[in-house]
Amino acid sequence: MKKINITYLMMLVATVIFSSCIGDLDVEPIDPNVSTSNNVFKNEQAYKEALAKIYASYAISGQDGNGGGNPDIAGIDENFGNYLRQYWGLQQLSTDEAIIAWDDATIKNFHWQTWAPNDVFIAALYSRIFYSITIANEFIRNVDAAIADGASGEFLTDLRAYRAEARFLRAFSYWHAIDMFGNVPFVTEEDLPGAFFPERITRSDLFDYIETELLDMESSLVAAGANEYARADRGAAWMLLAKLYLNAEVYTGTERYTDALTYINEVIGASYILDPTYENVFRADNNLSSEIIFPLAFDGINTQQYGGMTFLLHASNGGGMPLNGIDGGWGGIRGIKDLASKFGASASDFSSADPEYSTISDTRGMFYFDPSSWEWDITNIGTFTEGVGVTKFKNISSDGSAAPNAHPTFVSTDFPVFRLGDAYLMYAEAVLRGGNGGTVSTALGYINDLRERAYGDTSGNIASGDLTLNFILEERGRELYWEGHRRTDLIRFGQFTNGSMVWEWKGNVQAGSSTEGFRDLYPIPTNDLNANPNLEQNDGYTN
């Protein structure tokens, strides 16, 4: 049986500070009066249960489970409003890795890069980010009150550890905010719930806040690899710091590659080990993988909803693809030929006799294409079988058996937010960008470790002369596709909008075209901009 030690309890512990109004697609937080601190924090165990609610906010969308009509935020279907589902969509559908067939509201605008400030999906993710931040704030306030009231002994020790985890999760969501929206409303535990307008924090000041928080909490977190599964530890904090520093030039205009290497080296020097089998990192028993640093945990029995990994596996299945542990496909998201071409694949590499098999040597390329019923080129975005099926994530165990806590609809595969393979690639990039604390020879070794796993031997190894920044961007696409990194990577490399890279249907042109550079940031949602006079719209957008 798969063990998820953080019990996903459905309780609401905070007031979310803003609301929205965009007609029939209003997205606003639910009235929080169902539960208050007076009845949530009723005993010592309740603090761990309340911490679990913060973790659950990334995986589950409401209070009842199974998409049960009691969502955390209103104005969008509970299952569409899932944090991971929206984060994945905004990070992946806008890039060269994924496209969607559905016609739900404005969903196609993401691959076209034609979104607007009143977009319901942008508003949903924005609301989810600040919902998680706000319940973390409320939790921290109540922990501080318990400590001030004289908590002692083991309870005091636990409270301090829980508080550090809540601060990490708040920093994690603020990282999403700085990466996607830039200059945003800012609230901490010092801002008591009530009727006020949160102040706007600039992107550079938010960077400083996240950095300070992570550095301050690091020693209060459990040692790397020593916490319960799916809970944050120092390894997760090191990885988030490394991500922050690797993207510092985008966020603040000042590079911090040496600092990135400092914390990448901490991660690599910890207890994590590269999983010997790449595809096992994405199977239903990936909680056993030695490579994963910080996941979002899912379970077919205990985290039932139609967002998260249930969405990712079902929406990416259809057109005759193998079910891989689920009961049916929704025919929504798939890859485009630009993704498959990173592995040297073309339509001629696949056959109708075995559409999952291809002649490409890099086993990371897990695709489905049946030449008798699929089209390699996409002429109609709404046709799921135009493009390339992606079979990377599976709801079966690494030995081919049923998933732990198997359910035909709901998925037990965890989402790997941070993993060691990414740290290897980050090390190489930071070295190539001039950071101190690493060497090209070590970077080359890490890259070839990944490629030897992918090829099964040294046939895919590269020489030092091949190790360039352009290679790193492409290798990140091969190693990390569909893991929620691509938009951020393309922006860091100057290729997301108006760079030299175009891909199928970028800019709403089949051959692809450049788009406006201001789209490197998403807009502040119209609803929050209208509600809060302290906010300003990001450059380039008009309401």
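The values are calculated or read from the model by the stated rules, or taken from the named source; none is laboratory data. This structure is a prediction, so every number in the text was calculated from the model and none was measured. Here the Cβ is made from the backbone with ideal geometry for all residues, glycine too, and neighbour counts use every protein chain on show. Surface accessibility is based on the protein's heavy atoms, side chains included, excluding ligands, DNA and RNA. Shrake-Rupley method; radii C 1.70, N 1.55, O 1.52, S 1.80 Å.
Cα-based Rg of segment 349-447 per 2.2 N^0.38 Å, rounded to two decimals? Could you put the intermediate results ahead of the total?
Details: Rg = 18.9 Å, N = 99, 2.2 N^0.38 = 12.6 Å.
This ratio for segment 349-447 stands at 1.50.
Name the residue from Ser441, Val431, Ser459 whose Cα lies farthest towards the positive end of the charge dipole of segment 419-502, charges +1 on Cβ of Lys and Arg and -1 on Cβ of Asp and Glu.
Working it through, the farthest residue towards the positive pole turns out to be Val431.
Using the alpha carbons of segment 456-543, what is the convex hull volume per residue in cubic angstrom, as a whole number? Show your work: numbers first, answer last.
Values: hull volume 13.4 nm³, N = 88.
Given the Cα convex hull of segment 456-543, per-residue volume reads 152 Å³.
Of the listed peptides 393-404, 89-100, 426-437, what is their order by residue-averaged count of other C-beta atoms within 10 Å, with the highest listed first?
Details: 393-404: 18.5, 89-100: 25.4, 426-437: 20.4.
Per-residue mean Cβ counts within 10 Å order the peptides as 89-100, 426-437, 393-404.
Compute the length gained on full extension between Asp449 and Asp77: take 0.36 nm times their separation in residues and subtract their Cα-Cα distance, giving the result in nm to one decimal. Walk me through the numbers before you get to the answer.
Numbers: separation 372, 0.36 × 372 = 133.92 nm, distance 4.30 nm.
Stretched fully, the Asp449-Asp77 segment lengthens by 129.6 nm.
I need the Kirkwood Rh of segment 231-364: take the reciprocal of the average 1/r across all distinct C-alpha pairs and report it in angstrom.
Details: mean 1/r = 0.0549 Å⁻¹.
18.2 Å is the Kirkwood radius here.
I'd like the trypsin sites (Lys or Arg not before Pro) in segment 459-502 restricted to DSSP loop residues with at most 13 other Cβ atoms within 10 Å, sorted by number.
Values: sites: Arg476, Arg478, Arg486, Arg487, Arg492; in loops: none.
Within segment 459-502, no trypsin sites (Lys or Arg not before Pro) qualify (loop, at most 13 other Cβ atoms within 10 Å).
Can you put Arg200, Arg451 in order of accessible area, largest first, using a 1.4 Å probe?
Details: Arg200 70, Arg451 20 Å².
Sorted by accessible area, descending: Arg200, Arg451.
Can you tell me the Rg and the Dmax, both Å, for the Cα atoms in segment 148-244?
That works out to 14.8, 42 Å for Rg and Dmax.
Distance in nm between label sites at Asn70 and Ala148, each 7 Å beyond Cα in the beta-carbon direction?
Using points 7 Å along Cα→Cβ, the separation is 3.1 nm.
Using a Debye calculation, one point per C-alpha and no hydration shell, please list log10 I(q)/I(0) for segment 75-196 at q = 0.10, 0.21, 0.22 Å⁻¹ in order.
Per q value, in the given order, log10 I(q)/I(0) is -0.42, -1.16, -1.23.
Could you list, bin by bin from short to long, the percent of Cα-Cα pairs of segment 497-543 in 5 Å steps?
P(r) for segment 497-543, in whole percents per bin: 5, 21, 20, 16, 13, 11, 8, 4, 0.
How large is the dipole of the chain about the Cα centre if only Lys and Arg carry +1 and Asp and Glu carry -1, each at its Cβ, rounded to the nearest 20 debye?
Values: 37 positive and 72 negative charges, 73 e Å.
Value, rounded to 20: 360 debye.
Could you tell me which of Ala123, Gly365, Ile73 has its Cα farthest along the dipole of the chain towards the positive end, charges placed at Cβ (Lys, Arg +1; Asp, Glu -1), taken about the Cα centre?
Going by the Cα projections, it comes out as Gly365.
List the residues, sorted by chain then number, that are 5 or more residues from Ala224 or on another chain and whose placed amide H is less than 5 Å from its amide H.
Under 5 Å from the amide H of Ala224 lie the amide H atoms of Arg234, Gly235, each far enough along the sequence or on another chain.
Per-residue accessible area for His485 at 1.4 Å probe radius, Å² rounded to 10?
Rounded to the nearest 10, the figure is 20 Å².
Can you work out the accessible area per residue across the chain, with the rest of the protein chains kept in place, probe 1.4 Å, in square angstrom? Mind showing how you got there, number by number?
On the way: 18180 Å² over 543 residues.
Ligands and nucleic acids excluded, the figure is 33 Å² per residue.
Calculate I(q)/I(0) for segment 197-300 by the Debye formula, one identical point scatterer on each C-alpha and no solvent, and give its log10 at q = 0.25 Å⁻¹ to two decimals.
-1.28
Show me, for segment 95-112, the HN-Hα J-couplings you get by feeding each phi into the Karplus relation (A = 6.51, B = -1.76, C = 1.60, θ = phi - 60°), rounded to Hz, glycine and proline as x.
10, 7, 10, 8, 8, 10, 8, 6, 10, 4, 6, 9, 4, 5, 4, 5, 5, 6
Identify, among Tyr229, Thr379, Val187, the residue whose Cα sits farthest towards the positive end of the charge dipole of the chain, taking +1 on the Cβ of Lys and Arg and -1 on the Cβ of Asp and Glu, with the dipole about the Cα centre.
Of the candidates, Tyr229 comes out farthest on the positive side.
Using the Karplus equation 6.51 cos²θ - 1.76 cosθ + 1.60 (θ = phi - 60°), what ³J(HN,Hα) coupling, rounded to whole Hz, does each residue of segment 115-128 give in order, writing x for Gly and Pro?
3J(HN,Hα) across segment 115-128, in whole Hz: 5, 10, x, 8, 5, 5, 6, 5, 4, 5, 5, 4, 5, 5.
By how many degrees, between 0 and 90 and to the nearest 10, does the Cα long axis of helix 44-56 differ from the longest principal axis of the chain?
Relative to the chain, helix 44-56 is tipped by roughly 40 degrees.
For a bin width of 10 Å, list the pair-distance distribution of the chain built from all Cα-Cα distances, rounded to whole %.
The calculated distribution, bin by bin, is 4, 19, 31, 29, 14, 3, 0, 0.
How high is the FRET efficiency between Thr277 and Gln537 when r is their beta carbon distance and R₀ equals 51 Å, given to the nearest 0.05?
Numbers: r = 47 Å, r/R0 = 0.92.
Between Thr277 and Gln537 the formula returns 0.60.
Lys42 versus Ser351, label points 7 Å from Cα toward the beta carbon: distance in nm?
Distance between the two pseudo-spin positions: 6.5 nm.
Do any of Lys108/Lys392; Lys42/Lys394; Lys53/Lys243; Lys53/Lys392; Lys53/Lys342; Lys53/Lys506 go past 31 Å between their Cα atoms, and which? Walk me through the intermediate numbers first.
Values: Lys108/Lys392 22 Å; Lys42/Lys394 40 Å; Lys53/Lys243 25 Å; Lys53/Lys392 29 Å; Lys53/Lys342 39 Å; Lys53/Lys506 38 Å.
Beyond 31 Å between Cα atoms: Lys42/Lys394; Lys53/Lys342; Lys53/Lys506.
Between Asn530 and Leu215, what length comes free when the chain is fully extended (0.36 nm per residue of separation minus the Cα-Cα distance, one decimal in nm)?
Numbers: separation 315, 0.36 × 315 = 113.40 nm, distance 3.50 nm.
Gain on extension, Asn530 to Leu215, equals 109.9 nm.
For Phe418, what residues show an amide H to amide H distance below 5 Å, using hydrogens built from the backbone and excluding near sequence neighbours?
Ile293, Phe294
Give the Rg/Rh ratio for segment 97-152, taking Rg as the radius of gyration of the Cα atoms and Rh as the Kirkwood radius, to two decimals. Please report the intermediate quantities before stating the final value.
Working: Rg = 19.3 Å, Rh = 14.4 Å.
Radius of gyration relative to Kirkwood radius: 1.34.
When all C-alpha to C-alpha distances in segment 207-258 are sorted into bins of 5 Å, what percent of pairs does each bin hold, rounded to whole numbers?
The distribution over segment 207-258 is 5, 21, 26, 21, 14, 9, 4, 0, given as percents.
Once phi is turned into θ = phi - 60°, what whole-Hz ³J(HN,Hα) does the Karplus curve with 6.51, -1.76 and 1.60 give for every residue of segment 275-285, x standing for Gly and Pro?
Here the 3J(HN,Hα) series is 5, x, 10, 4, 5, 5, 5, 10, 9, 5, 9 Hz.
How much of the accessible area of the chain, probe 1.4 Å, is carbon plus sulfur, in whole percent? Numbers along the way, then the final one.
Details: 8500 of 18180 Å².
Ligands and nucleic acids excluded, carbon and sulfur reach 47 percent.
What is the gain in length, in nm to one decimal, between Thr409 and Thr379 on full extension, counting 0.36 nm per residue of separation less the C-alpha to C-alpha distance? Could the numbers behind the result be given before it?
Working: separation 30, 0.36 × 30 = 10.80 nm, distance 3.11 nm.
So the chain would gain 7.7 nm between Thr409 and Thr379.
Ranked highest first by average number of other Cβ atoms within 10 Å, how do 47-59, 109-121 line up?
47-59, 109-121
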